[in-house]
Every structure is written in structure tokens, then in C-alpha cells.
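Worksheet: one structure, shown below.
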Amino acid sequence: MTVLLVTSRDLPEGEPGAAALDAALAARGVDAQWVAWDDPSVDWAGAALVAVRATWDYTERAPEFLAWAASLDQARLLNGADVFSWNHDKRYLLDLGPLPVVPTAVLTSGAQVVAAVESLGTAVAKPAVGAGGEGLVVLRAGLLDERAASSYVTRGSVVVQPLVESVRSHGEVSVFVVAGRAVCQVVKLPAADEVRVHEEYGGVSRPVPLDPACVEVALAADGYLAERFGRRLDYVRADLLWWEDRWVVSEIELIEPGLYLDTVPANADPFADLVVQTVERVGWSPT
Ligand SMILES: Nc1ncnc2c1ncn2[C@@H]1O[C@H](COP(=O)(O)OP(=O)(O)O)[C@@H](O)[C@H]1O
Ligand SMILES: [Mg+2]
């Protein structure tokens, strides 16, 4: 029985800290292999399960990536192509029902961006399809002309939000939910002069105990998504920011949320359990 852990070509060994996941799967008798989603030699149909983990390059080729996901047997793909399709574009932030969310506008012209920034004072603009903080800019009222503003409208749209200043003090909190259970919380702080918490920009992540207020929002997201998609999702990472005296959703990662294995190797265990339980439930064996 082979489980395919899906990565990108530039990360052939998987996400940071992947050895912990390899070990957790091996300890459960699972033969796991890291493969790139766009490698034509992979036998997807021969796998007991496909788990997307580190396909960080999908944002450049989203239609191709989504077509690949849709071509797989959905019963043997964690979370599923319909979930990926919904989640790959930050427009989903407008479709989160009753969940508390950072105020978000999806805009389509430079004039709209200028008007939004003028009313917000200080704002963040980021590509609707993007990851790793790429393309994110901080914009200030009075300093933005329409021509510059329109350069942020890529592929027809741009996401604009107020700059949530507390990212510098409270950080961004990630709560990982696996099969309906909150399993870990990480707080990520940006470097001075940055709002992006990613390591590439000098951000630092550390595990912290589960905070009931954060878990409540993450589980509400998990519950909302279960209703939205008609089934409980396999994994959900809720990224939260502190805004107007409460934790609100900044992002929900349903495609390739890193498990923070380099700082929390124990996070491999619930994910490995999810893999084993799903393989048993799907009950697939090679013919
Ligand atoms: N509205 C905001 N206010 C403050 N910081 C933000 C805001 N939006 C994003 N950030 C910072 O930028 C990072 C990247 O933005 P995010 O929405 O997570 O996009 P992605 O991770 O998909 O690139 C976040 O992790 C956070 O540190
Ligand atoms: Mg993010």
C-alpha cells in the first residue's frame, strides 16, 4: 500500500521537517513517497491515498493544478479537488458565512484600490491567488496614485484589507485541525519593519498551548466548512489575527498548509493517524 505525499519539484523531499512525517508513517506501516504533482511518471491510480502537502508552486499554475486534483479518484485524495478549487482564491474570504473575518474587499481596478486605501488609512493589498506572502504590499492613504494602485490588480483582482497592526504584537496564530480535532497551535511573529510572518521575511514561529478562544474560531471554521462541502474536511488550518478585541480568520488553508514539522515534529502523529484511518475507511487495495 503506497501513500503519495504531494510536493513541488523544487521541494523533492517535502515540506520543512518532513522526516518527522516520514518516520510517523513508517512507524504505522505505511509506505509513503514524496512526489511532485506535475511529475508525469507518477502512478496516481495505483496509490492507496494521495495527500497534498507542499505544492507551493500551484499559485503560478492554478488551473493546471486544479485540473490535476480533479483528475484523481476523489475518495483517495485528502480534502478533495472541490475544496482546493474554493480555497485557492482568497475570494473565499467573502464566503465564510457567520465566521469572524478580517474585513476584506476583492477589488478589480486601481480606482477602487485608491478609494479603499483612502478610507482605510493604512491597508494591505495582496494577490487573490497567492501564497508565502508574495506580492503583499502595505499601502498608505495620500501616497497612492491610480496608476500604481492598478499595478496591484493582477489576474483581474486584488484583495484589500485594513492593516491589522496587532500582527506585530499578537502575531498570527495558526490552529491545525485534523479530522475535526484541534491538534496544535503555533504563533508566528514578523520581523521588525515587516507584517509578513513567513520565515523568508525573517518571521519566527513557535508552538504554544491551544488557546480556547483560538480553538473556538478554528472549530467553527471546521464546522462551517463541513456544512459548506457536505462532509467533514480531513484537515483545516485556520490562521487568525487579533482584530477589534477578538480572534478573527485571516486565512483558511485547505490545500498545502505546512504542518510546522520543523518546530513541532509531534504534529506528524495526528496527520499520520489521519492517513491510516482514511486508508482503512476507503478500503482500497491494488487489484
Ligand atoms: N490585513 C493584514 N494585516 C496585517 N498583516 C497581514 C494582513 N494580511 C496579511 N498579513 C500578513 O501577511 C502574511 C501573508 O498574508 P496571507 O493572507 O497569509 O497570504 P499568504 O500566506 O497566502 O501569502 C500573513 O501571514 C500576515 O503576516
Ligand atoms: Mg498565510
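Values computed for the structure shown
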item: Residue match in region 110-121 (condition: surrounded by 15 or more Cβ atoms within 10 Å (Cβ to Cβ), within 11 Å of ligand 1 (Cβ to nearest atom) and under 19 Å from Thr154 (Cα atoms)); result: no
item: Meets criteria (crowded, with 19+ Cβ neighbours inside 10 Å and within 29 Å of Ala51 (Cβ to Cβ)) for Leu93; result: yes
item: Condition met for Leu99 (within 16 Å of ligand 1 (Cβ to nearest atom) and either assigned to a strand (DSSP E or B) or at pLDDT below 95 (or both)); result: no
item: Residue in region 33-43 that is closer than 15 Å to Val6 by Cα and under 15 Å from the mean Cα position of the chain (by Cα) present; result: no
item: Listing of strands (runs of 3 or more DSSP E) fully contained in region 171-287 that carry 3 or more residues being within 11 Å of ligand 1 (Cβ to nearest atom), under 26 Å from Leu136 (Cβ atoms) and aliphatic (A, V, I, L, M); result: 246-253
item: Residue that is of a type in the set (Asp, Glu), over 26 Å from Glu251 (Cα atoms) and surrounded by fewer than 17 Cβ atoms within 10 Å (Cβ to Cβ), where the choices are Asp43, Asp22; result: Asp43
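Yes/no per residue for (1) within 20 Å of Ile255 (Cα to Cα); (2) within 15 Å of ligand 2 (Cβ to nearest atom):
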| residue | (1), (2) |
| --- | --- |
| Ala141 | no, no |
| Leu144 | no, no |
| Gln161 | no, yes |
| Val164 | no, yes |
| Val167 | no, yes |
| Phe176 | yes, yes |
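The values are calculated or read from the model by the stated rules, or taken from the named source; none is laboratory data. Please read all numbers here as calculations on a predicted model, not as lab measurements. With ideal geometry, Cβ positions are generated from the backbone for all residues, glycine too; neighbour counts draw on all protein chains shown.
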